[in-house]
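Everything on this sheet refers to the single structure shown next.
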Amino acid sequence: MSVTILPSPLVTATWLFEHLDQSDLVVLDASWFLPGTDRDPVQEWKAKRIPDARYFDFDTKIADPDSDLPHMLPNENQFSQAVSELGIAQHATIVVYDSQGVFSAPRVWWMFRAMGHNSVAVLDGGLPGWEAAGYPLESGEPVAPQPATFRAVYQPEWVIDADTLHQQLEEQGCQVLDARPAARFYGTQPEPRAGIRCGHMPQAKSLPFTQLVKAGYFLDVELLRQRFDALSDQEQQLIFTCGSGVTACTLALAAELAGRKRLTVYDGSWSEWGSGLKYPVVQSGD
């Protein structure tokens, strides 16, 4: 059986087109839209997708069914079952894209890494970049994949919970980076989810994910390094947060591209931290 070797955690449309017929390659559409957006990612996937792309629903299907928080990472058994039903085998090489360029696809990249599967990459430029390059598209009702066997092995270093993060906020060995827009970080713009406080965690620094991408593509590696070097030391553990754990993963992928090694995502993110009064919140001027 041939094995497709990824050149990096980020691949170009040209690379994907040249490897699209590899038997072990699985392409996933991980499009997702913010609450209140009048768009249906599943219907858009059916209407226009990269050939043979399967839809990876991390929002409602491949998520912790027992959590009140949005699209929390499921446990390894739940993940294994859902991924197996998608026809993704243990040996698969996975490329994930979304319809906005680089937005929600890194979330699925992080999920697979957190579940012990390293042969996964994000398509730089996403579906718009693929389409702009003139590569083929597919539409209509997709063919259901044949179930496969996938076994997740949870990697706890990729994930942190709220209580553990709270304990680590004052430690010099870690730095929290927040991917939300700066206005939300500083509490001058309300949160989109009802009942969530405004502001940020103590000791956190603002790094909006939009500072790492341009027109749907990641910045060059050297620019990414500069962004992270300006906010953290090389050896620090980086803990990424955002509104609900999606764009935090864009920061995680950018940090890996920049050569950082100790990367962790706070899955609950501001949807958890900003609700209630359990955890400390700082606002602009505090």
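Observations
- Spin-label model distance (nm) - Asp21 vs Arg151, 7 Å beyond Cα toward Cβ: 3.4
- Once the Cα atoms are used to define both axes, helix 105-114 deviates from the longest principal axis of the chain by about 80 degrees.
- Ordering of 164-177, 236-249, 194-207 by packing [mean C-beta count within 10 Å, highest first]: 236-249, 194-207, 164-177
- The range 178-189 - phi-based ³J(HN,Hα) in whole Hz, Karplus 6.51/-1.76/1.60, Gly and Pro as x: 9, 8, 5, x, 4, 5, 6, 4, 8, x, 8, 10
- For the chain, modelled as a GNM whose springs connect Cα atoms under 10 angstrom apart, the maximal fluctuation among Thr37, Thr250, Thr188 occurs at Thr37.
- In sequence order, calculated HN-Hα J values of the range 140-154 (Karplus, 6.51, -1.76, 1.60; Hz; x Gly/Pro): x, 5, x, 7, 5, x, 6, x, 10, 10, 10, 10, 6, 10, 4
- Peptides ranked, highest mean first, by Cβ atoms within 10 Å: ranges 14-22, 139-147, 208-216: 208-216, 14-22, 139-147
- Inter-part distance, the range 82-111 to the range 244-286, computed on C-alpha centroids, equals 21 Å.
- Tail weight of P(r) past 27 Å, computed on alpha-carbon pairs of the chain, percent: 38
- Converting phi to 3J(HN,Hα) with the Karplus coefficients 6.51, -1.76 and 1.60 and the offset θ = phi - 60°, the range 23-40 yields 5, 8, 8, 10, 9, 10, 8, 10, 4, 7, 10, 4, x, x, 7, 8, 9, 10 Hz in sequence order, with x at every glycine or proline.
- Summed over qualifying helices (DSSP H, 4 residues or more, each -39500 (n - 2.57)) and divided by its residue number, the chain shows a 222 nm mean residue ellipticity of -7000 deg cm²/dmol.
Here, each number is a calculation from the coordinates, and none is a lab measurement. Because the structure is a prediction, the values reported are computed rather than measured. Note that each Cβ is placed from the backbone with ideal geometry, even for glycine, and that neighbours are counted across all protein chains shown.
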